[in-house]
Amino acid sequence: MKKILTILLPILALLFNSCTRVTVNGDEEAVLIKKPYLFGHGGVDETPVESGSQNVALSTDFVTYKITPINYEETFDNLASVDNTPLDFETHLTLKIRRGMTPILHKNFGKEWYKNSVAQVFRALVRSKTSIYQAQKLISDKTITDNIDAEITERLTHYLDSVQIPVDIVNVNIGKAIPPDEVIKETEQTAAQKQSILTQQARKLAEDSRKEAEESKAIADNAYMNKMNFTHAEYIEMRKLELNKETIKMVQDKKDVNIIFSMNSDSKLLMNGTK
């Protein structure tokens, strides 16, 4: 028996006095999980290792947590809008663990606290809030998506507080809704059709305006001709002379232009020369 104790005592002393060193960075906290060999209490140490390093018993495990904001991405495929249009979303949720609260987080929710206790609630809120809007609003109206972000933030904050998960919401962003390829093509075709209709309407307005202008001018010309007792031939001849005068006025100040008058039966105005 003495021989056994002689052998065991040094071993036990070595175990009790052996330790390991836990080191954390400035953006981390380490949670210690004590596992005594024979005596003492095990479990999560309520005081985290917040900076630098600390010696702990060799039997003590530790888990490191980031206490700076962490972004979690959740992808949704074919999420139905209120008008049954399938949409894709790439959402982002940024969370931050409260400093000094990592032991409570680990003890109550475990290392996979986001996956087990937050992700599904967040996904359910995204489905619920996006399903009440029309697809076109979700695709193009930023006011709608901003409102959804705010509503999800409020509801998720209430949930985290109610179950006492010691994390804060930094940002919620459901991202831009992306419709399937066939919906995009249909939207592009509809837009092209609308643009074609607008173009045709603009062309018709221009043609109608030109027609009205020409009709008004014809009425005015006819009234002038009647007032001056011109025949059609006389009126046309007068208009040719007026056009000749207008042409001369436009080019009379131009260099290297020769103007040749030919008052023949057709009252033509000839010009030659180079600029």
Within the range 151-172, restricting to residues that are assigned to a strand (DSSP E or B) and hydrophobic (A, V, I, L, M, F, W, C), the one that is surrounded by the most Cβ atoms within 10 Å (Cβ to Cβ) is VAL172
- Message: Is it the case, given these coordinates, that MET238 is touching a Phe, Trp or Tyr at 6+ places or on another chain (Cβ under 6 Å) and open to solvent by less than 70 Å² (accessible area, probe 1.4 Å)?
- Response: no
Considering the range 75-89, residues that are farther than 8 Å from THR130 by Cβ and in a loop (DSSP other than H, G, I, E, B), and then whichever is most open to solvent (accessible area, probe 1.4 Å), we arrive at ASN84
Of those in the range 131-141 that are not aliphatic (A, V, I, L, M) and not in a loop (DSSP other than H, G, I, E, B), the residue surrounded by the fewest Cβ atoms within 10 Å (Cβ to Cβ) is SER140
Checking GLU214, GLU188 in turn, the sole residue that is open to solvent by 80 Å² or more (accessible area, probe 1.4 Å), modelled with pLDDT under 70 and either in contact with a Lys or Arg (Cβ under 7 Å, 6 or more places away or on another chain) or over 30 Å from ASN71 (Cα atoms) (or both) turns out to be GLU188
Would you check if ILE169 is within 30 Å of THR94 (Cβ to Cβ), among the aliphatic types (A, V, I, L, M) and modelled with pLDDT of 75 or more? yes
Given (1) modelled with pLDDT of 65 or more; (2) open to solvent by less than 60 Å² (accessible area, probe 1.4 Å), ASN229 misses just (2)
By residue number, the members of the range 99-130 that are surrounded by fewer than 14 Cβ atoms within 10 Å (Cβ to Cβ), in a loop (DSSP other than H, G, I, E, B) and in contact (Cβ under 8 Å) with a residue 24 or more places away in the chain are ARG99, LYS111
Taking the condition farther than 15 Å from PRO166 by Cβ and either outside any loop (DSSP other than H, G, I, E, B) or modelled with pLDDT under 90 (or both), does LEU93 pass? yes
Check: outside any helix (DSSP H, G or I) and either touching a Lys or Arg at 6+ places or on another chain (Cβ under 9 Å) or open to solvent by 40 Å² or more (accessible area, probe 1.4 Å) (or both), is that true of ILE144?
Finding: no
Before we move on, is TYR37 modelled with pLDDT of 85 or more and surrounded by fewer than 15 Cβ atoms within 10 Å (Cβ to Cβ)?
no
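The values are calculated or read from the model by the stated rules, or taken from the named source; none is laboratory data. As the structure is a prediction and not an experimental result, all values here were calculated from the model. All Cβ positions, even for glycine, are placed from backbone atoms using ideal geometry, and neighbour counts span all protein chains on display. Areas reflect the complete protein model, heavy atoms only, side chains present, ligands, DNA and RNA absent. Shrake-Rupley method; radii C 1.70, N 1.55, O 1.52, S 1.80 Å.
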